[in-house]
1. Apply the Karplus curve 6.51 cos²θ - 1.76 cosθ + 1.60, θ = phi - 60°, to the phi angles in the range B:131-136 and return the couplings in whole Hz, x for Gly and Pro.
2. Based on the alpha-carbon set only, what is the convex hull volume of the range A:12-63 divided per residue, in Å³?
3. Rounded to whole Hz and in sequence order, give me ³J(HN,Hα) for the range A:70-87 from the Karplus expression 6.51 cos²θ - 1.76 cosθ + 1.60, θ = phi - 60°, writing x for Gly and Pro.
4. Quick one: dipole size for chain A, taken about the Cα centre, charges +1 on Lys/Arg Cβ and -1 on Asp/Glu Cβ, in debye to the nearest 20.
5. Work out the FRET efficiency for B:TYR104 and A:LYS273 from their Cβ-Cβ distance, taking R0 = 30 Å, and round it to the nearest 0.05.
6. Which entries in the list A:LYS86/A:LYS214; A:LYS393/B:LYS6; A:LYS63/A:LYS273 go over 25 Å, if you measure between the two C-alpha atoms of each?
7. With +1 assigned to the C-beta of every Lys and Arg and -1 to the C-beta of every Asp and Glu, and no other charges, what is the dipole magnitude of the range B:61-156 about the Cα centre in debye, to the nearest 20?
8. What's the center-to-center distance, using Cα atoms, between the range A:223-246 and the range A:158-186 in Å?
Amino acid sequence: MDLDIESLINGGLAFATVLALMALNVPVGISMLFVGFVGFALISGFDPAIVVLGFAPYESVSKYSLSVMPLFVLMGNLANSANLSKNLYDAAYAIVGHYKGGLAMSTIGACAGFGMICGSSIATAATMAQMAGPEMKRHGYSDALASGSIASGGTLGIIIPPSVMLVIYAYLTEQSIQALFFAALIPGLIAVVLYMIAIRVYLYIYPDEGGSGKKMPLDERVSAIKKVLPVFVIFAIIMSGLYLGFFTATESAAVGVMLVILLLMLRGDLTIKLLKDATWATIRTAGSLYLIVAGAAVFNFLITVTGLPFTVVEYINFLDLSPLGIMLVICIIYLILGALMDSLAMLFLTIPVFYPVIVSAGIDPIWFGIFAIIVVEFGLVSPPVGMNLFVIKGVMKDTPLKTVWFGTIPFLITDVIRIALLLAFPALCLYLPSLMYSQ
Amino acid sequence: MQNIIKKIVDLSAIVACIVLFLLAVLTFFDVFGRRFLNSPVTGTIEIVQIGMAMVAFFAMPRTFYLNAHVSADFINNISIRKFEIFILVFRFLLMLIMMSLLAYATLLSANSFFQDGRSTIELELYFYPFFYLIAFGLLISVIAIIFWFLKSISEKKSEWRAL
(Lines give C-alpha, C1' and ligand atoms only; values in the text may rest on other atoms or scores of the structure.)
Protein backbone atom coordinates (compact mmCIF):
# COMPACT_ATOMS: atom_id res chain seq x y z
CA MET A 1 0.00 0.00 0.00
CA ASP A 2 1.06 3.62 -0.60
CA LEU A 3 1.12 5.38 2.72
CA ASP A 4 1.29 9.16 2.72
CA ILE A 5 4.55 9.33 4.69
CA GLU A 6 4.63 13.12 4.63
CA SER A 7 1.27 13.42 6.38
CA LEU A 8 2.33 10.83 8.94
CA ILE A 9 5.56 12.71 9.68
CA ASN A 10 3.89 16.13 9.81
CA GLY A 11 0.96 14.94 11.89
CA GLY A 12 3.18 12.83 14.14
CA LEU A 13 5.54 15.76 14.69
CA ALA A 14 2.61 18.00 15.58
CA PHE A 15 1.37 15.54 18.21
CA ALA A 16 4.87 14.95 19.58
CA THR A 17 5.46 18.70 19.93
CA VAL A 18 2.17 19.23 21.76
CA LEU A 19 3.04 16.39 24.14
CA ALA A 20 6.55 17.79 24.67
CA LEU A 21 5.18 21.26 25.41
CA MET A 22 2.64 19.83 27.82
CA ALA A 23 5.44 17.92 29.53
CA LEU A 24 7.20 21.27 29.97
CA ASN A 25 4.17 22.50 31.91
CA VAL A 26 2.85 24.70 29.10
CA PRO A 27 -0.96 24.98 29.39
CA VAL A 28 -2.78 22.53 27.11
CA GLY A 29 -4.60 25.29 25.22
CA ILE A 30 -1.41 27.27 24.56
CA SER A 31 0.47 24.11 23.46
CA MET A 32 -2.19 23.34 20.86
CA LEU A 33 -2.49 26.96 19.78
CA PHE A 34 1.27 27.27 19.31
CA VAL A 35 1.76 24.01 17.42
CA GLY A 36 -1.34 24.62 15.30
CA PHE A 37 -0.24 28.11 14.36
CA VAL A 38 3.45 27.40 13.74
CA GLY A 39 2.68 24.16 11.88
CA PHE A 40 0.13 25.82 9.65
CA ALA A 41 2.49 28.76 9.04
CA LEU A 42 5.25 26.35 7.98
CA ILE A 43 2.94 24.56 5.56
CA SER A 44 0.90 27.45 4.17
CA GLY A 45 2.78 30.62 5.13
CA PHE A 46 2.49 33.26 7.87
CA ASP A 47 -0.37 35.30 6.38
CA PRO A 48 -2.81 32.38 5.97
CA ALA A 49 -1.86 31.24 9.49
CA ILE A 50 -2.73 34.68 10.90
CA VAL A 51 -6.08 34.54 9.08
CA VAL A 52 -6.80 31.15 10.67
CA LEU A 53 -5.78 32.53 14.08
CA GLY A 54 -8.13 35.45 13.54
CA PHE A 55 -11.27 33.43 12.99
CA ALA A 56 -10.85 29.77 14.09
CA PRO A 57 -10.81 30.47 17.87
CA TYR A 58 -13.88 32.74 17.57
CA GLU A 59 -15.70 30.20 15.39
CA SER A 60 -15.02 27.43 17.90
CA VAL A 61 -15.97 29.21 21.12
CA SER A 62 -19.08 30.78 19.59
CA LYS A 63 -20.56 27.46 18.46
CA TYR A 64 -24.12 27.35 19.76
CA SER A 65 -23.85 23.70 20.75
CA LEU A 66 -20.83 24.46 22.94
CA SER A 67 -22.62 27.18 24.89
CA VAL A 68 -24.21 24.38 26.88
CA MET A 69 -20.86 23.85 28.61
CA PRO A 70 -20.56 26.97 30.84
CA LEU A 71 -24.29 26.85 31.52
CA PHE A 72 -24.13 23.32 32.92
CA VAL A 73 -21.01 24.27 34.89
CA LEU A 74 -22.95 27.24 36.30
CA MET A 75 -25.84 24.95 37.23
CA GLY A 76 -23.45 22.65 39.14
CA ASN A 77 -21.73 25.57 40.87
CA LEU A 78 -25.06 27.05 41.96
CA ALA A 79 -26.08 23.70 43.41
CA ASN A 80 -22.71 23.33 45.08
CA SER A 81 -22.76 26.82 46.61
CA ALA A 82 -26.19 26.08 48.07
CA ASN A 83 -25.04 22.87 49.79
CA LEU A 84 -27.27 20.64 47.66
CA SER A 85 -24.39 18.19 47.62
CA LYS A 86 -24.68 17.82 51.41
CA ASN A 87 -28.40 17.07 51.05
CA LEU A 88 -27.59 14.45 48.40
CA TYR A 89 -25.07 12.82 50.67
CA ASP A 90 -27.54 12.79 53.58
CA ALA A 91 -30.22 11.24 51.36
CA ALA A 92 -27.86 8.55 50.06
CA TYR A 93 -26.79 7.87 53.66
CA ALA A 94 -30.44 7.56 54.71
CA ILE A 95 -30.93 4.85 52.09
CA VAL A 96 -27.74 2.76 52.30
CA GLY A 97 -25.71 4.23 55.17
CA HIS A 98 -26.59 1.50 57.66
CA TYR A 99 -25.27 -1.35 55.48
CA LYS A 100 -21.68 -2.53 55.77
CA GLY A 101 -19.67 -0.11 53.64
CA GLY A 102 -22.74 2.09 53.64
CA LEU A 103 -20.82 5.36 53.94
CA ALA A 104 -18.72 4.53 50.90
CA MET A 105 -21.87 3.49 49.04
CA SER A 106 -23.55 6.73 50.14
CA THR A 107 -20.61 8.57 48.62
CA ILE A 108 -21.12 6.77 45.31
CA GLY A 109 -24.87 7.51 45.43
CA ALA A 110 -24.26 11.16 46.28
CA CYS A 111 -21.68 11.45 43.48
CA ALA A 112 -24.22 10.02 41.04
CA GLY A 113 -26.85 12.46 42.31
CA PHE A 114 -24.45 15.36 42.09
CA GLY A 115 -23.50 14.21 38.59
CA MET A 116 -27.10 14.86 37.57
CA ILE A 117 -26.66 18.57 38.15
CA CYS A 118 -22.92 18.94 37.67
CA GLY A 119 -21.08 17.87 34.54
CA SER A 120 -17.59 17.86 35.97
CA SER A 121 -15.73 14.96 37.52
CA ILE A 122 -13.26 17.13 39.39
CA ALA A 123 -16.02 19.31 40.89
CA THR A 124 -17.90 16.17 41.98
CA ALA A 125 -14.78 14.63 43.54
CA ALA A 126 -13.78 17.87 45.27
CA THR A 127 -17.25 18.44 46.69
CA MET A 128 -17.63 14.91 47.97
CA ALA A 129 -14.08 14.74 49.37
CA GLN A 130 -14.83 17.64 51.71
CA MET A 131 -17.98 15.98 53.01
CA ALA A 132 -17.58 12.24 52.75
CA GLY A 133 -13.84 12.04 53.48
CA PRO A 134 -13.91 13.19 57.14
CA GLU A 135 -17.17 11.30 57.74
CA MET A 136 -15.73 7.97 56.54
CA LYS A 137 -12.54 8.48 58.52
CA ARG A 138 -14.60 9.21 61.64
CA HIS A 139 -16.38 5.89 61.19
CA GLY A 140 -13.10 3.99 60.90
CA TYR A 141 -12.97 3.50 57.15
CA SER A 142 -9.50 2.86 55.77
CA ASP A 143 -7.88 5.71 53.85
CA ALA A 144 -7.76 3.55 50.74
CA LEU A 145 -11.47 2.77 50.67
CA ALA A 146 -12.50 6.29 51.67
CA SER A 147 -10.32 8.08 49.13
CA GLY A 148 -10.78 5.45 46.41
CA SER A 149 -14.56 5.60 46.59
CA ILE A 150 -14.53 9.41 46.38
CA ALA A 151 -12.01 9.53 43.51
CA SER A 152 -13.89 6.89 41.53
CA GLY A 153 -17.32 8.23 42.47
CA GLY A 154 -16.15 11.58 41.11
CA THR A 155 -15.76 10.04 37.66
CA LEU A 156 -19.54 9.50 37.63
CA GLY A 157 -19.77 13.27 37.10
CA ILE A 158 -18.55 12.92 33.54
CA ILE A 159 -20.66 9.94 32.52
CA ILE A 160 -23.99 10.78 34.13
CA PRO A 161 -25.65 13.47 32.06
CA PRO A 162 -25.33 16.40 31.81
CA SER A 163 -21.64 15.87 31.19
CA VAL A 164 -19.15 18.48 30.00
CA MET A 165 -17.03 15.73 28.41
CA LEU A 166 -19.98 14.46 26.38
CA VAL A 167 -20.68 18.02 25.24
CA ILE A 168 -17.07 18.32 24.10
CA TYR A 169 -17.25 14.98 22.28
CA ALA A 170 -20.48 16.12 20.60
CA TYR A 171 -18.79 19.36 19.60
CA LEU A 172 -15.73 17.62 18.18
CA THR A 173 -17.71 15.03 16.22
CA GLU A 174 -20.88 17.02 15.49
CA GLN A 175 -23.03 14.35 17.12
CA SER A 176 -26.29 15.06 18.92
CA ILE A 177 -25.77 16.06 22.56
CA GLN A 178 -29.23 14.73 23.39
CA ALA A 179 -28.43 11.29 21.94
CA LEU A 180 -25.16 11.17 23.86
CA PHE A 181 -26.84 12.13 27.12
CA PHE A 182 -29.38 9.33 26.73
CA ALA A 183 -26.73 6.88 25.61
CA ALA A 184 -24.80 7.60 28.83
CA LEU A 185 -27.72 6.96 31.18
CA ILE A 186 -27.59 3.14 31.35
CA PRO A 187 -23.75 2.91 31.48
CA GLY A 188 -23.88 5.54 34.25
CA LEU A 189 -26.36 3.48 36.24
CA ILE A 190 -24.31 0.32 35.65
CA ALA A 191 -21.27 2.19 37.00
CA VAL A 192 -23.16 3.11 40.20
CA VAL A 193 -24.27 -0.50 40.76
CA LEU A 194 -20.83 -1.94 39.96
CA TYR A 195 -19.08 0.57 42.23
CA MET A 196 -21.39 -0.41 45.09
CA ILE A 197 -20.73 -4.09 44.43
CA ALA A 198 -16.98 -3.32 44.40
CA ILE A 199 -17.29 -1.79 47.87
CA ARG A 200 -19.07 -4.89 49.20
CA VAL A 201 -16.52 -7.22 47.62
CA TYR A 202 -13.64 -5.09 48.93
CA LEU A 203 -15.08 -5.27 52.44
CA TYR A 204 -15.64 -8.98 52.07
CA ILE A 205 -11.90 -9.37 51.42
CA TYR A 206 -10.79 -6.70 53.95
CA PRO A 207 -13.62 -6.68 56.53
CA ASP A 208 -11.80 -4.34 58.93
CA GLU A 209 -11.51 -1.47 56.44
CA GLY A 210 -15.04 -0.17 56.80
CA GLY A 211 -18.13 -0.54 58.89
CA SER A 212 -21.72 0.49 58.87
CA GLY A 213 -23.36 3.73 59.95
CA LYS A 214 -26.22 4.19 62.37
CA LYS A 215 -29.64 3.29 61.00
CA MET A 216 -31.75 6.44 60.86
CA PRO A 217 -35.37 6.43 62.10
CA LEU A 218 -37.90 6.26 59.25
CA ASP A 219 -39.12 9.86 59.57
CA GLU A 220 -35.53 11.18 59.38
CA ARG A 221 -34.88 9.05 56.33
CA VAL A 222 -38.01 10.30 54.59
CA SER A 223 -37.13 13.88 55.46
CA ALA A 224 -33.57 13.48 54.09
CA ILE A 225 -34.90 11.99 50.85
CA LYS A 226 -37.54 14.71 50.53
CA LYS A 227 -34.84 17.38 50.58
CA VAL A 228 -33.26 16.06 47.39
CA LEU A 229 -36.45 15.41 45.45
CA PRO A 230 -36.17 18.80 43.68
CA VAL A 231 -32.77 17.74 42.30
CA PHE A 232 -34.41 14.69 40.73
CA VAL A 233 -37.27 16.86 39.45
CA ILE A 234 -34.80 19.24 37.78
CA PHE A 235 -32.94 16.30 36.24
CA ALA A 236 -36.24 14.79 35.06
CA ILE A 237 -37.34 18.10 33.50
CA ILE A 238 -34.02 18.48 31.67
CA MET A 239 -33.95 14.91 30.38
CA SER A 240 -37.62 14.69 29.47
CA GLY A 241 -37.44 18.09 27.74
CA LEU A 242 -34.52 16.83 25.69
CA TYR A 243 -36.24 13.51 25.02
CA LEU A 244 -39.45 15.07 23.80
CA GLY A 245 -37.61 17.68 21.76
CA PHE A 246 -39.12 20.38 23.94
CA PHE A 247 -35.82 22.20 23.99
CA THR A 248 -32.25 21.88 22.71
CA ALA A 249 -29.26 20.98 24.90
CA THR A 250 -28.27 24.63 25.34
CA GLU A 251 -31.81 25.55 26.23
CA SER A 252 -31.99 22.66 28.69
CA ALA A 253 -28.88 24.00 30.42
CA ALA A 254 -30.40 27.48 30.67
CA VAL A 255 -33.64 25.99 31.98
CA GLY A 256 -31.58 23.97 34.48
CA VAL A 257 -29.80 27.13 35.70
CA MET A 258 -33.09 28.97 36.16
CA LEU A 259 -34.71 25.98 37.91
CA VAL A 260 -31.82 25.69 40.36
CA ILE A 261 -32.10 29.45 41.01
CA LEU A 262 -35.85 29.02 41.55
CA LEU A 263 -35.22 26.12 43.92
CA LEU A 264 -32.72 28.18 45.92
CA MET A 265 -35.18 31.06 46.01
CA LEU A 266 -37.92 28.79 47.36
CA ARG A 267 -35.56 27.39 49.98
CA GLY A 268 -34.58 30.92 50.96
CA ASP A 269 -30.95 30.20 50.11
CA LEU A 270 -30.58 32.60 47.19
CA THR A 271 -28.28 35.49 47.97
CA ILE A 272 -26.23 37.85 45.85
CA LYS A 273 -23.10 36.35 47.40
CA LEU A 274 -24.14 32.84 46.38
CA LEU A 275 -24.85 33.97 42.81
CA LYS A 276 -21.54 35.82 42.70
CA ASP A 277 -19.56 32.85 44.04
CA ALA A 278 -21.19 30.44 41.60
CA THR A 279 -20.69 32.62 38.51
CA TRP A 280 -17.16 33.51 39.63
CA ALA A 281 -16.25 29.81 39.91
CA THR A 282 -17.91 29.16 36.55
CA ILE A 283 -15.92 31.88 34.83
CA ARG A 284 -12.71 30.43 36.21
CA THR A 285 -13.56 27.02 34.74
CA ALA A 286 -14.88 28.53 31.50
CA GLY A 287 -11.67 30.50 30.94
CA SER A 288 -9.47 27.42 31.11
CA LEU A 289 -11.88 25.28 29.06
CA TYR A 290 -12.33 27.88 26.32
CA LEU A 291 -8.59 28.37 26.04
CA ILE A 292 -8.32 24.66 25.19
CA VAL A 293 -11.26 24.92 22.77
CA ALA A 294 -9.56 27.85 20.99
CA GLY A 295 -6.21 26.04 20.91
CA ALA A 296 -7.81 22.82 19.66
CA ALA A 297 -9.57 24.71 16.85
CA VAL A 298 -6.25 25.92 15.44
CA PHE A 299 -4.51 22.59 16.09
CA ASN A 300 -7.27 20.64 14.36
CA PHE A 301 -6.91 22.95 11.38
CA LEU A 302 -3.29 21.84 11.14
CA ILE A 303 -4.17 18.16 11.60
CA THR A 304 -6.73 18.40 8.79
CA VAL A 305 -4.21 20.12 6.51
CA THR A 306 -1.60 17.43 7.18
CA GLY A 307 -4.17 14.80 6.15
CA LEU A 308 -3.19 12.64 9.13
CA PRO A 309 -6.72 11.34 9.91
CA PHE A 310 -7.13 10.07 6.35
CA THR A 311 -3.72 8.41 6.37
CA VAL A 312 -4.54 6.70 9.67
CA VAL A 313 -7.87 5.48 8.20
CA GLU A 314 -6.02 4.15 5.13
CA TYR A 315 -3.50 2.39 7.34
CA ILE A 316 -6.17 0.82 9.56
CA ASN A 317 -8.04 -0.34 6.44
CA PHE A 318 -4.79 -1.83 5.14
CA LEU A 319 -4.27 -3.72 8.42
CA ASP A 320 -7.81 -5.05 8.00
CA LEU A 321 -8.50 -4.87 11.74
CA SER A 322 -11.92 -5.92 12.99
CA PRO A 323 -13.96 -3.25 14.82
CA LEU A 324 -13.10 -5.03 18.08
CA GLY A 325 -9.41 -4.92 17.20
CA ILE A 326 -9.67 -1.20 16.46
CA MET A 327 -11.41 -0.58 19.79
CA LEU A 328 -8.71 -2.52 21.64
CA VAL A 329 -5.96 -0.50 19.95
CA ILE A 330 -7.77 2.76 20.81
CA CYS A 331 -8.27 1.51 24.35
CA ILE A 332 -4.55 0.81 24.78
CA ILE A 333 -3.64 4.23 23.37
CA TYR A 334 -6.07 5.90 25.79
CA LEU A 335 -4.69 3.97 28.75
CA ILE A 336 -1.14 5.04 27.89
CA LEU A 337 -2.14 8.66 27.25
CA GLY A 338 -4.30 8.66 30.38
CA ALA A 339 -1.22 8.15 32.49
CA LEU A 340 0.48 11.13 30.83
CA MET A 341 -2.09 13.83 30.26
CA ASP A 342 -5.31 15.34 31.39
CA SER A 343 -8.51 13.70 30.15
CA LEU A 344 -9.75 16.86 28.49
CA ALA A 345 -6.54 17.27 26.52
CA MET A 346 -6.70 13.62 25.59
CA LEU A 347 -10.17 14.03 24.14
CA PHE A 348 -9.26 17.15 22.18
CA LEU A 349 -6.08 15.59 20.81
CA THR A 350 -7.34 12.16 19.88
CA ILE A 351 -10.96 12.44 18.77
CA PRO A 352 -10.20 14.28 15.48
CA VAL A 353 -7.91 11.38 14.52
CA PHE A 354 -9.92 8.46 15.96
CA TYR A 355 -13.31 9.65 14.78
CA PRO A 356 -12.72 9.08 11.03
CA VAL A 357 -11.23 5.67 11.90
CA ILE A 358 -14.28 4.48 13.83
CA VAL A 359 -16.70 5.88 11.26
CA SER A 360 -14.82 4.12 8.48
CA ALA A 361 -14.92 0.87 10.50
CA GLY A 362 -18.71 1.17 10.81
CA ILE A 363 -18.66 1.74 14.59
CA ASP A 364 -21.55 3.81 15.92
CA PRO A 365 -20.21 7.29 16.87
CA ILE A 366 -22.65 7.61 19.78
CA TRP A 367 -21.52 4.28 21.19
CA PHE A 368 -17.90 5.25 20.66
CA GLY A 369 -18.48 8.53 22.51
CA ILE A 370 -19.61 6.70 25.62
CA PHE A 371 -16.78 4.18 25.29
CA ALA A 372 -14.21 6.97 24.92
CA ILE A 373 -15.55 8.86 27.95
CA ILE A 374 -15.41 5.73 30.11
CA VAL A 375 -11.84 4.97 29.03
CA VAL A 376 -10.89 8.60 29.57
CA GLU A 377 -12.22 8.22 33.14
CA PHE A 378 -9.31 5.85 33.76
CA GLY A 379 -6.99 8.79 33.23
CA LEU A 380 -8.73 10.74 35.98
CA VAL A 381 -7.73 8.17 38.56
CA SER A 382 -4.39 7.03 37.08
CA PRO A 383 -1.04 8.38 38.23
CA PRO A 384 0.91 10.57 37.56
CA VAL A 385 -1.63 13.12 36.30
CA GLY A 386 -4.98 11.71 37.45
CA MET A 387 -6.72 14.94 38.39
CA ASN A 388 -9.14 13.28 40.83
CA LEU A 389 -6.22 11.77 42.76
CA PHE A 390 -4.74 15.22 43.31
CA VAL A 391 -8.11 16.71 44.22
CA ILE A 392 -8.63 14.03 46.90
CA LYS A 393 -5.06 14.40 48.09
CA GLY A 394 -5.60 18.17 48.33
CA VAL A 395 -8.59 17.69 50.64
CA MET A 396 -7.51 14.55 52.55
CA LYS A 397 -3.99 15.81 53.19
CA ASP A 398 -2.89 12.97 55.50
CA THR A 399 -3.64 10.31 52.89
CA PRO A 400 -0.63 9.43 50.69
CA LEU A 401 -1.22 9.60 46.93
CA LYS A 402 -0.26 5.95 46.64
CA THR A 403 -3.07 4.99 49.04
CA VAL A 404 -5.61 7.00 47.06
CA TRP A 405 -4.52 5.23 43.90
CA PHE A 406 -4.60 1.83 45.59
CA GLY A 407 -8.12 2.58 46.74
CA THR A 408 -9.28 3.16 43.17
CA ILE A 409 -8.13 -0.28 41.94
CA PRO A 410 -11.36 -2.17 42.84
CA PHE A 411 -13.34 0.49 41.01
CA LEU A 412 -11.04 0.37 37.99
CA ILE A 413 -11.68 -3.38 37.81
CA THR A 414 -15.41 -2.71 37.63
CA ASP A 415 -14.72 -0.14 34.89
CA VAL A 416 -13.05 -2.90 32.88
CA ILE A 417 -16.15 -5.05 33.41
CA ARG A 418 -18.33 -2.13 32.29
CA ILE A 419 -16.26 -1.66 29.13
CA ALA A 420 -16.53 -5.39 28.40
CA LEU A 421 -20.31 -5.16 28.86
CA LEU A 422 -20.51 -2.23 26.46
CA LEU A 423 -18.41 -4.09 23.90
CA ALA A 424 -20.59 -7.18 24.22
CA PHE A 425 -23.92 -5.36 24.36
CA PRO A 426 -23.81 -2.06 22.44
CA ALA A 427 -27.57 -1.77 23.02
CA LEU A 428 -26.78 -0.73 26.60
CA CYS A 429 -25.77 2.58 25.03
CA LEU A 430 -27.85 2.68 21.90
CA TYR A 431 -31.28 1.58 23.11
CA LEU A 432 -32.37 4.86 24.71
CA PRO A 433 -31.16 7.08 21.83
CA SER A 434 -32.96 4.77 19.38
CA LEU A 435 -36.19 5.33 21.31
CA MET A 436 -35.59 9.05 21.08
CA TYR A 437 -35.12 8.92 17.33
CA SER A 438 -38.25 6.83 16.92
CA GLN A 439 -40.29 9.59 18.58
CA MET B 1 0.23 48.93 39.65
CA GLN B 2 -0.58 45.48 41.00
CA ASN B 3 -3.97 46.65 42.23
CA ILE B 4 -4.82 48.33 38.95
CA ILE B 5 -4.02 45.19 36.95
CA LYS B 6 -5.99 43.04 39.38
CA LYS B 7 -8.94 45.40 39.03
CA ILE B 8 -8.79 45.28 35.23
CA VAL B 9 -8.63 41.48 35.26
CA ASP B 10 -11.49 41.27 37.78
CA LEU B 11 -13.54 43.73 35.74
CA SER B 12 -13.05 41.58 32.68
CA ALA B 13 -14.22 38.51 34.64
CA ILE B 14 -17.22 40.45 35.97
CA VAL B 15 -18.20 41.32 32.37
CA ALA B 16 -17.97 37.60 31.52
CA CYS B 17 -20.07 36.69 34.59
CA ILE B 18 -22.79 39.20 33.74
CA VAL B 19 -22.91 38.20 30.07
CA LEU B 20 -23.10 34.50 30.97
CA PHE B 21 -25.91 35.07 33.43
CA LEU B 22 -27.84 37.25 30.96
CA LEU B 23 -27.43 34.58 28.27
CA ALA B 24 -28.92 31.97 30.63
CA VAL B 25 -31.87 34.28 31.36
CA LEU B 26 -32.34 35.14 27.68
CA THR B 27 -32.30 31.48 26.61
CA PHE B 28 -34.75 30.58 29.36
CA PHE B 29 -37.19 33.29 28.29
CA ASP B 30 -36.78 32.26 24.67
CA VAL B 31 -37.85 28.69 25.55
CA PHE B 32 -40.62 29.95 27.81
CA GLY B 33 -41.87 32.42 25.19
CA ARG B 34 -41.73 29.88 22.39
CA ARG B 35 -43.46 27.09 24.27
CA PHE B 36 -46.01 28.91 26.36
CA LEU B 37 -46.63 32.30 24.73
CA ASN B 38 -45.90 31.34 21.14
CA SER B 39 -43.53 34.27 20.98
CA PRO B 40 -39.82 33.39 21.03
CA VAL B 41 -37.13 36.02 21.54
CA THR B 42 -35.89 36.93 18.07
CA GLY B 43 -32.24 36.22 17.35
CA THR B 44 -31.51 34.34 20.59
CA ILE B 45 -29.12 31.94 18.89
CA GLU B 46 -27.11 34.77 17.34
CA ILE B 47 -26.92 36.63 20.64
CA VAL B 48 -25.89 33.47 22.49
CA GLN B 49 -23.17 32.73 19.92
CA ILE B 50 -21.67 36.20 20.12
CA GLY B 51 -22.23 36.38 23.87
CA MET B 52 -20.44 33.11 24.51
CA ALA B 53 -17.42 34.37 22.57
CA MET B 54 -17.45 37.42 24.88
CA VAL B 55 -17.68 35.13 27.92
CA ALA B 56 -14.79 33.01 26.66
CA PHE B 57 -12.36 35.79 25.84
CA PHE B 58 -13.24 37.95 28.85
CA ALA B 59 -12.93 34.95 31.19
CA MET B 60 -9.42 34.13 29.96
CA PRO B 61 -7.51 37.01 31.64
CA ARG B 62 -8.46 35.71 35.08
CA THR B 63 -7.37 32.22 34.07
CA PHE B 64 -3.94 33.62 33.18
CA TYR B 65 -3.81 35.83 36.26
CA LEU B 66 -4.58 32.93 38.61
CA ASN B 67 -2.64 30.42 36.52
CA ALA B 68 -5.79 28.28 36.56
CA HIS B 69 -4.94 26.39 33.40
CA VAL B 70 -5.42 22.76 32.57
CA SER B 71 -1.85 21.51 32.34
CA ALA B 72 0.15 18.37 33.00
CA ASP B 73 2.09 19.01 36.19
CA PHE B 74 4.33 16.00 36.43
CA ILE B 75 7.54 18.04 36.31
CA ASN B 76 6.46 20.20 39.25
CA ASN B 77 8.40 18.01 41.64
CA ILE B 78 11.72 18.81 39.96
CA SER B 79 13.24 21.49 42.16
CA ILE B 80 16.41 22.45 40.32
CA ARG B 81 16.46 26.26 40.34
CA LYS B 82 17.81 26.76 36.82
CA PHE B 83 15.27 24.29 35.44
CA GLU B 84 12.40 25.95 37.32
CA ILE B 85 13.41 29.34 35.94
CA PHE B 86 13.76 27.90 32.44
CA ILE B 87 10.27 26.39 32.60
CA LEU B 88 8.80 29.60 33.96
CA VAL B 89 10.43 31.80 31.32
CA PHE B 90 9.61 29.33 28.54
CA ARG B 91 5.95 29.16 29.57
CA PHE B 92 5.78 32.93 29.89
CA LEU B 93 7.26 33.58 26.45
CA LEU B 94 5.05 31.02 24.74
CA MET B 95 1.88 32.33 26.39
CA LEU B 96 2.86 35.94 25.74
CA ILE B 97 3.69 35.35 22.08
CA MET B 98 0.61 33.26 21.35
CA MET B 99 -1.89 35.51 23.11
CA SER B 100 -0.32 38.62 21.52
CA LEU B 101 -0.56 36.98 18.10
CA LEU B 102 -4.16 35.97 18.83
CA ALA B 103 -5.00 39.55 19.83
CA TYR B 104 -3.30 40.87 16.68
CA ALA B 105 -5.06 38.34 14.42
CA THR B 106 -8.44 39.17 16.00
CA LEU B 107 -7.77 42.86 15.49
CA LEU B 108 -7.06 42.20 11.80
CA SER B 109 -10.32 40.24 11.56
CA ALA B 110 -12.14 43.12 13.24
CA ASN B 111 -10.65 45.57 10.70
CA SER B 112 -11.66 43.31 7.84
CA PHE B 113 -15.23 42.97 9.20
CA PHE B 114 -15.36 46.75 9.61
CA GLN B 115 -14.40 47.21 5.97
CA ASP B 116 -16.81 44.67 4.48
CA GLY B 117 -19.60 45.44 6.96
CA ARG B 118 -20.37 41.79 7.60
CA SER B 119 -23.26 41.18 9.99
CA THR B 120 -25.36 38.40 11.49
CA ILE B 121 -28.27 37.15 9.38
CA GLU B 122 -31.28 37.55 11.66
CA LEU B 123 -30.55 40.62 13.78
CA GLU B 124 -28.06 42.11 11.31
CA LEU B 125 -25.61 42.83 14.11
CA TYR B 126 -22.22 44.00 12.81
CA PHE B 127 -19.44 41.62 13.75
CA TYR B 128 -16.69 44.20 14.00
CA PRO B 129 -17.58 45.79 17.38
CA PHE B 130 -17.56 42.37 18.99
CA PHE B 131 -14.26 41.48 17.38
CA TYR B 132 -12.73 44.74 18.66
CA LEU B 133 -14.05 43.86 22.13
CA ILE B 134 -12.59 40.35 21.87
CA ALA B 135 -9.23 41.79 20.81
CA PHE B 136 -9.43 44.06 23.86
CA GLY B 137 -10.18 41.05 26.07
CA LEU B 138 -7.15 39.27 24.61
CA LEU B 139 -5.02 42.34 25.30
CA ILE B 140 -6.07 42.13 28.96
CA SER B 141 -4.97 38.48 28.85
CA VAL B 142 -1.54 39.62 27.63
CA ILE B 143 -1.29 42.07 30.54
CA ALA B 144 -2.42 39.32 32.94
CA ILE B 145 0.32 37.01 31.59
CA ILE B 146 3.00 39.65 32.19
CA PHE B 147 1.70 40.22 35.69
CA TRP B 148 1.52 36.49 36.43
CA PHE B 149 5.14 36.12 35.33
CA LEU B 150 6.40 38.98 37.51
CA LYS B 151 4.42 37.64 40.46
CA SER B 152 5.75 34.11 39.93
CA ILE B 153 9.35 35.32 39.73
CA SER B 154 9.03 37.28 42.95
CA GLU B 155 7.35 34.30 44.66
CA LYS B 156 10.17 32.01 43.53
CA LYS B 157 12.76 34.48 44.83
CA SER B 158 11.18 34.69 48.26
CA GLU B 159 10.75 30.92 48.30
CA TRP B 160 14.49 30.46 47.67
CA ARG B 161 15.42 33.16 50.14
CA ALA B 162 13.46 31.34 52.81
CA LEU B 163 15.37 28.08 52.18
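The values are calculated or read from the model by the stated rules, or taken from the named source; none is laboratory data. Just so it is clear, the model here is predicted, and its values are computed rather than measured. Positions of Cβ are generated from backbone atoms using ideal geometry, with glycine treated the same way; all protein chains shown enter the neighbour counts. Note: areas computed on protein heavy atoms with side chains; ligands, DNA, RNA excluded. Shrake-Rupley method; radii C 1.70, N 1.55, O 1.52, S 1.80 Å.
1. 5, 5, 4, 5, 4, 5
2. Given the Cα convex hull of the range A:12-63, per-residue volume reads 78 Å³.
3. Computed from phi, the couplings for the range A:70-87 are x, 5, 5, 5, 4, 4, x, 5, 4, 5, 5, 4, 8, 6, 4, 5, 5, 4 Hz.
4. Computed about the Cα centre, the dipole is about 1680 debye.
5. After rounding, the FRET efficiency stands at 0.15.
6. Details: A:LYS86/A:LYS214 18 Å; A:LYS393/B:LYS6 30 Å; A:LYS63/A:LYS273 30 Å.
Beyond 25 Å between Cα atoms: A:LYS393/B:LYS6; A:LYS63/A:LYS273.
7. Computed about the Cα centre, the dipole is about 520 debye.
8. Each part's Cα centre sits 18 Å from the other's.
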